[in-house]
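First up is the structure itself, then whatever we jot down about it.
The values are calculated or read from the model by the stated rules, or taken from the named source; none is laboratory data. None of the values given here were measured: they were computed from a predicted structure. Don't worry about glycine lacking a Cβ; one is built from the backbone with ideal geometry, like all the others, and counts go over all protein chains shown.
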């Protein structure tokens, strides 16, 4: 069976590679069109746009990699079935379960590829692409944090709007409270920096609240005894879907320690874990089609059917993930439910064909 395993796996991988090139070209074109209006903004020229598109490509492809794997598998297995090669293999006594093992080899390899893209190429490419764009357009790399980053240390609460190069931060609000939870002091500064001895504010304005009066001031600099891990800031400015699994794990731990809701990041963590499994399931899911409607279908029909099934699965996956937290569904269940149902359906279908 080693020859059959290699032949089927190679056919699936080659077809998936072709589909990846086509989908990648379409995704790159879409991103290029979206950034074309920014050409000429500062030093953001044509070459910078091309580099930006290429660096973002791994992350964008990772989102649709399960669908790409399904399309490639349907094309490959459909072609083998149309040439009666799978029928000959089945007639020689090879069971559907054994054929599923052959197909799974390609699925596992594509799953490993998904892990590499999702954990390394994707996040690194997004960081580099955003840095190139911000540097070209604005002269510096500045990242804003949606809704701000809230930090708490003892009785001190800090809110940060964004980060600047060199460990500097922008848009800082600090609130200090007493043991009873009453505010004692409020500070604000447009910029600051992370130092070894704490958080340094540049030209801050503060209001000190006392029982009978308030006191205001605006010193040149002010250093607060607040410890902020630079890694936390780097993770906070990145969308959950663009973080690697170790990055999500560290940031979830930080949010939990500060008693901040981390459900979105838990969902992203579980989606990172489930996505390679989804790739494998979709590859195996294509096998029963080869003995059904795809046997006599043309390549165009196989692409259409694969695209339709992939689109439906993608939409269901996104809807369940988006609505799960709203209805109190556990993140692990919201991330894995569509894949688990598809795996069960595939198993039942193959049992009937066996």
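Candidates 111, 102: the one that is crowded, with 18+ Cβ neighbours inside 10 Å, touching a helix residue (DSSP H, G or I) at 6+ places or on another chain (Cβ under 8 Å), over 30 Å from residue 51 (Cα atoms) and modelled with pLDDT of 85 or more is 102.
Just one of the listed residues (88, 67, 31) is touching a helix residue (DSSP H, G or I) at 6+ places or on another chain (Cβ under 8 Å), under 30 Å from residue 289 (Cα atoms) and either surrounded by fewer than 20 Cβ atoms within 10 Å (Cβ to Cβ) or touching a residue at least 12 places away in the same chain (Cβ under 8 Å) (or both), and it is 67.
Looking at 245, 238, 221, which one is at pLDDT 80 or above, surrounded by 12 or more Cβ atoms within 10 Å (Cβ to Cβ), under 29 Å from the mean Cα position of the chain (by Cα) and not assigned by TED's automatic domain parsing to the domain that holds residue 335?
On the way: 238 fails: at pLDDT 80 or above; 221 fails: under 29 Å from the mean Cα position of the chain (by Cα).
Selected residue: 245, the only one of 245, 238, 221 that is at pLDDT 80 or above, surrounded by 12 or more Cβ atoms within 10 Å (Cβ to Cβ), under 29 Å from the mean Cα position of the chain (by Cα) and not assigned by TED's automatic domain parsing to the domain that holds residue 335.
Please tell me if residue 117 is in a helix (DSSP H, G or I), modelled with pLDDT of 80 or more and within 16 Å of residue 61 (Cβ to Cβ).
Numbers: in a helix (DSSP H, G or I): yes; modelled with pLDDT of 80 or more: yes; within 16 Å of residue 61 (Cβ to Cβ): yes.
Answer is yes for this residue.
The set of residues in segment 164-189 being within 31 Å of the chain's Cα centre (by Cα) and part of a strand (DSSP E or B) consists of 164, 168, 169, 170, 171, 172, 173. Does any residue of segment 37-58 turn out to be in contact (Cβ under 8 Å) with a residue 40 or more places away in the chain, more than 17 Å from residue 283 (Cβ to Cβ) and either touching a strand residue (DSSP E or B) at 6+ places or on another chain (Cβ under 8 Å) or not assigned by TED's automatic domain parsing to the domain that holds residue 316 (or both)? Yes, there is a match, as at least one residue in segment 37-58 is in contact (Cβ under 8 Å) with a residue 40 or more places away in the chain, more than 17 Å from residue 283 (Cβ to Cβ) and either touching a strand residue (DSSP E or B) at 6+ places or on another chain (Cβ under 8 Å) or not assigned by TED's automatic domain parsing to the domain that holds residue 316 (or both). Screening segment 34-50 for residues that are surrounded by fewer than 16 Cβ atoms within 10 Å (Cβ to Cβ) and in a helix (DSSP H, G or I) and picking the one that is modelled with the highest pLDDT gives 50.
Within segment 311-331, can you find the residues that are assigned to a helix (DSSP H, G or I) and surrounded by fewer than 16 Cβ atoms within 10 Å (Cβ to Cβ)? Let's see the steps before the verdict.
Step one: of segment 311-331, the residues assigned to a helix (DSSP H, G or I) are 311-323, 331.
Hits for segment 311-331 are 311, 312, 315, 316, 318, 319, 322, 323.
Remark: residue 6 falls outside the filter, which requires a residue to be in the same structural domain as residue 116 (by TED's automatic domain parsing), at pLDDT 90 or above and either closer than 16 Å to residue 134 by Cα or part of a helix (DSSP H, G or I) (or both).
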